[in-house]
1. Tally time: how many residues in the stretch 61-92 are more than 30 Å from N239 (Cα to Cα), part of a helix (DSSP H, G or I), touching a helix residue (DSSP H, G or I) at 6+ places or on another chain (Cβ under 7 Å) and among the hydrophobic types (A, V, I, L, M, F, W, C)?
2. Checking G175 against (1) touching a Pro at 6+ places or on another chain (Cβ under 9 Å); (2) of a type outside the set (D, E); (3) closer than 25 Å to G138 by Cβ, which test does it fail?
3. Quick test for you: out of E268, E219, E277, pick the one residue that is among the acidic types (D, E), at pLDDT 95 or above and out of contact with any helix residue (DSSP H, G or I) (no Cβ under 9 Å at 6 or more places or on another chain).
4. Tell me which residues, restricted to the stretch 43-64, are surrounded by fewer than 15 Cβ atoms within 10 Å (Cβ to Cβ) and either among the basic types (K, R) or under 18 Å from C81 (Cβ atoms) (or both).
5. Of the residues that sit in the stretch 220-231 and are more than 15 Å from the chain's Cα centre (by Cα) and closer than 12 Å to K273 by Cα, which one is surrounded by the fewest Cβ atoms within 10 Å (Cβ to Cβ)?
6. Looking at the stretch 162-187, I want the residues that are under 23 Å from S110 (Cα atoms) and have a partner that is surrounded by 20 or more Cβ atoms within 10 Å (Cβ to Cβ) and of a type outside the set (A, V, I, L, M, F, W, C) with Cβ atoms under 6 Å, at least 6 apart or on another chain. Which pairs are those?
7. If we keep just the residues of the stretch 1-21 that are part of a helix (DSSP H, G or I), of a type in the set (S, T, N, Q) and modelled with pLDDT of 95 or more, which is nearest to T171 (Cα to Cα)?
8. Wholly within the stretch 93-200, which helices (runs of 4 or more DSSP H) include no fewer than the required count, namely at least 3 residues that are surrounded by fewer than 18 Cβ atoms within 10 Å (Cβ to Cβ) and outside the structural domain of R255 (by TED's automatic domain parsing)?
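The values are calculated or read from the model by the stated rules, or taken from the named source; none is laboratory data. Since the structure is predicted, the reported quantities are computational estimates derived from the model, not experimental observations. All Cβ positions, glycine included, derive from the backbone under ideal geometry; neighbour counts span all protein chains shown.
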Amino acid sequence: MMTINSICVCGAGTMGSGIAQAAAQSGFHTILYELNESVLEKAKKSIQQNLASLVAKGKITTDWMQGVMGRIRFTNDLQDCLADIIIEAIVEKPELKIALFNQLAELNHSEVIFASNTSSLSVSRIAEGIQRPERVIGMHFFNPATIMKLVEVVYTPLTNSHTTDTVVALTKAMGKVPVLCSDAPGFIVNRVARPFYIESLRLAEEGKTEMEQIDRLMESTGFKLGPFRLMDLIGNDVNYAVSCSVYDQLDSPERLKPSFIQEQKVKEGKLGKKTGEGYYRYS
């Protein structure tokens with residue numbers, strides 16, 4: 001098992017910036033790579049604001065905040081992406097993930113681990129396109145990555161035990177709870193969660209009840225967020241893409257057919273909190 005000292009996160013969107021913050025808060029030297037400078041700057045401001053909020057609440061000190069920020073290197077230069085593990089959180093297109101990992105394999109040492117934060121793509125398919133498939137693994141965080149404890153550690157038939165053991169240990173070192181699972185459509189959480197979202201959307205499609213009523217009902221039974229509030233938090237684009245991916249990989253069962261309501265939200269750009277409107281308005 002390899003000791004991880006440095007982490008490179010590729011993609012500075014909601015998940016990527018959250019993973020980078022969680023890594024730096026856990027004491028790791030962290031690189032956050034994003035080609036788009038405006039997205040990178042937005043991520044930096046978001047992390048600073050998150051930490052400043054903790055300072056204001058008395059949960060951390062200003063010195064501790066500065067230490068966390070000092071452990072993160074923000075860059076748009078791929079040549080800077082030198083680390084013991086690469087965690088990608090880029091767009092959900094396997095060919096782009098494969099290309100990124102292969103580029104970084106040329107730059108990094110021979111033992112570097114490649115971890116994908118994909119929500120539902122086949123990790124095996126990604127591994128098959130990589131120069132060293134035995135060091136490819138899924139490391140699926142949940143939003144917000146700084147708070148949510150669960151991380152699905154997804155191994156493929158090609159992943160060796162050295163890689164799996166190292167990532168499990170890293171997950172624990174980050175204060176997270178690793179759950180091992182083999183590569184399968186939707187892994188565990190997104191497979192189990194599909195009916196939660198799809199049946200809620202189907203009730204709305206059929207006009208059986210209001211979305212707000214479904215959320216209130218689910219929240220009254222103990223769920224922190226109802227399905228529509230949760231989809232708005234995750235992002236309708238992300239949630240819809242996962243539903244489509246699981247549906248396609250399981251040979252299109254009718255019970256898991258993605259919702260036309262959510263498809264329409266994506267087409268209209270009403271993705272949830274990140275765009276100011278989804279099933280609810282936020283601005």
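1. The total comes to 3.
2. (1)
3. E268
4. Residues satisfying the conditions are K45, K57, K59.
5. Among residues in the stretch 220-231 that are more than 15 Å from the chain's Cα centre (by Cα) and closer than 12 Å to K273 by Cα, the one surrounded by the fewest Cβ atoms within 10 Å (Cβ to Cβ) is R229.
6. Note: pairs meeting the criteria are T163/R135; T164/Y155.
7. Going through the qualifying residues, I end up with Q21.
8. Correct list: 94-107, 161-173.
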